[in-house]
Amino acid sequence: MSGIYLDYQSASPVDPRVARFAQRYLTEEFGNPSSLHSAGLRARAALEEARSRVAELINAEDPSSIIFTGSATESNNLAIRGTAIRNAGKGKKVLTSAIEHISVHNPMKELQKGGFEMSMVPVDSSGLVDLGELERMVSPETTVTSIMYANNEIGTIQPANEISDVVHEKGMYLHMDASAAAGRIPVDVQRDGIDLLTLSSNELYGPQGAAALYVKKGVRLQTVNPGGGQERGLRSGTENIFAIAGMGEAARLARGEMDGESARLRSIRDRLIDEILMVEESYLTGDRTRRLPHHASFRFSRIEGESILLTLDAMFDIQVATGSACSSRTLEPSHCLLAIGLKHEEAHGSMVMTLGRYNTEDQVPVIAEAVKKTVGRLRELSPL
C-alpha cells in the first residue's frame, strides 16, 4: 500500500507469515472438520490447534472454552443474546456502558423487544466507566453486563479487574469485547475475572471472516445460530478453516511479539500526540495514560471530521478514521463522543489514528505537517 495507512482499527493487512501458514487450507488441506475421513481429521486437527493458540493468547483455562465465529459482531451477539436468553429465568436485565460498539448496543435493544430491561452505565470525560454507578445499577437480575476491554474510538482501557469485582458481587456474568485490545496489551481472562470475551482475527493481523468467543466453564448460553451443532452447538455451520487456522497462527505470533511491538508503537503514538496537539484548538479524546499503545484520537474545533478524512486521503495519501467504521455511513455524531460529554458540534470534528506494523517514527513529522495544513485549509473554508 502506498501512502501512510493509519486505520488499523478498522482493517489490518494479513501478516505474510499468517498467509503462508494458512494458504494450504484453501488449496490442499480443505477438508470439512466434521468429516470422519483422513482429510476431515486433518482439518479437525488444524481447528483444534488454532483453538489452543487463541486460548493461550488470553490465558483461557481450557481450549474448549474458545468458540469460533465469523466476526466480532457475531461473537458479541452470541455472548449477549445467548447468555441473556438462556438465563432469562434468573433475571431479565442487561447492562452496558454508554460508549460500547453498536454490535453490543443493538443486540441489547433487540432483547428489549422480548421484555428485557436495558440500562447504560455512564462514563467520565476520558471514557472510563463510573464504577459507583455500575455498582448502583447492577443487580441479581442482571444476567449480562457488557463492558468493552478498551474502546476502539477513543483508545481508553477499562479497569477490567474492578469492573469484574463489582459485577460478580451483585450480578451474574461479565462480557468484555477485547477486539481492540487483544494482541496489543496483555488480556488474561482468569486474572481479570471475565466470563465471556470477544476476539477478532483481523485485529491480530489474521484473515477477516474469523473471530472467537471465550466462554468460561459453567456459563450457559442459548445458541443464536442453530444447525448442525458445530462449535459445541453454539455456532452451527461449517467452520472456515482457512480463516480460523490463520487466526490461530496470528494469535501465536501476537503472543510472542506483543511486548516489543506495543512498545514501538507507543513511542510513535506519543510523538504523534505531542505533534498534533500543537495545532491550534486541537484536543485529545480518551485517557492519555490508560490508552491503547497504537491509538491516537483527537477533535478539532470548527471543522468536520469527514472533511479531515477526505482531505488527508486525497491531498496527502494518508488514511485515517473519524469514528467507528461500522457507523461511518451515518451523519450523526458519534454516540461515544457524546457520552464523554462533548457537544454535537464538538463531536463532529473528530479524527482517529490507529497505528500498525508498517508505521515508523519517520512518518510522524509528515503526518503532523499534513494534519496542520489540512486543519488550516478547512478552517479557512469553514463558515464557522
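Taken over segment 182-219, the criterion of being under 17 Å from I163 (Cβ atoms) and surrounded by fewer than 16 Cβ atoms within 10 Å (Cβ to Cβ) is satisfied by D188, Q190, R191. Residues in segment 194-234 that are at positive phi and in contact with an Asp or Glu (Cβ under 7 Å, 6 or more places away or on another chain): Y205 only. Take E153 and tell me if it is in a helix (DSSP H, G or I), in contact (Cβ under 8 Å) with a residue 24 or more places away in the chain and either under 30 Å from A19 (Cβ atoms) or touching a helix residue (DSSP H, G or I) at 6+ places or on another chain (Cβ under 7 Å) (or both). Taking the combined requirement at face value, the residue does not satisfy it. The set of residues from segment 10-39 being modelled with pLDDT under 95 and buried (at least 16 other Cβ atoms within 10 Å of the Cβ) comprises S10, Y25, E29, G31, P33.
Return the residues of segment 220-270 that are surrounded by 15 or more Cβ atoms within 10 Å (Cβ to Cβ) and β-branched (V, I, T); say none if nothing qualifies. Correct list: T223, V224, I241, I244, I268.
The values are calculated or read from the model by the stated rules, or taken from the named source; none is laboratory data. Since the structure is predicted, the reported quantities are computational estimates derived from the model, not experimental observations. No Cβ is skipped: glycine too gets one built from the backbone with ideal geometry, and neighbour counts run over all protein chains shown.
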